[in-house]
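Q: Once you've had a glance at the structure underneath, I'll fire off some questions.
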Amino acid sequence: MLEGQLGLNQVNLGEAMRGIELLNRAHSSLTFGLLRDPDFADRFATPLRRLGLRGIAQRLDEVPGSVMAEPIPGPTGARHHRDDLPAGERSDAAGNPLPPPPGYY
C-alpha cells in the first residue's frame with residue numbers, strides 16, 4: 001500500500017493511513033524504524049498526523065532539551081547527602097539504618 005504511493009505526486013490519505021496502521025499492527029518496531037527515517041516522515045506526514053504519530057525529528061523539535069540531562073538539585077544548607085553521613089547517622093524516613101552505599105565495604 002505504501003510502496004504504491006511513492007511515485008505519486010500526492011499520497012492517498014485513507015490508503016496511507018490504512019497501510020501505516022496495518023504495518024503498525026503487524027510489527028510496531030518496523031513502524032518505529034520508518035518514523036526514524038526523515039524521508040518517510042516527510043512523505044507521509046499528513047497520514048501520520050491523522051493517526052496521532054510523528055516522526056522522530058518532529059518529536060525532537062518539540063522538546064528544547066532533555067529534562068533528564070538537567071542536574072538534580074542536591075541538599076542545601078547544613079544538610080548533607082545521606083551517603084556522606086557517618087554509618088551511625090544514615091537512616092531512612094522510619095529511622096531504620098541504611099545499608100552501606102554502593103562501592104563502600
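Just so you know, all these numbers are worked out from the coordinates, no wet-lab data involved. Quick caveat, the model's predicted, so the values are computed rather than measured. Positions of Cβ are generated from backbone atoms using ideal geometry, with glycine treated the same way; all protein chains shown enter the neighbour counts.
Q: What does the charge count around residue 14 come to, taking other residues whose C-beta lies under 12 Å from its C-beta (Lys +1, Arg +1, Asp -1, Glu -1)?
A: 0
Q: Follow-up. For residue 90 paired with residue 49, estimate the spin-label separation in nm (one decimal), with each label point 7 Å from Cα along the Cα-to-Cβ line.
A: That separation, rounded to one decimal, is 5.4 nm.
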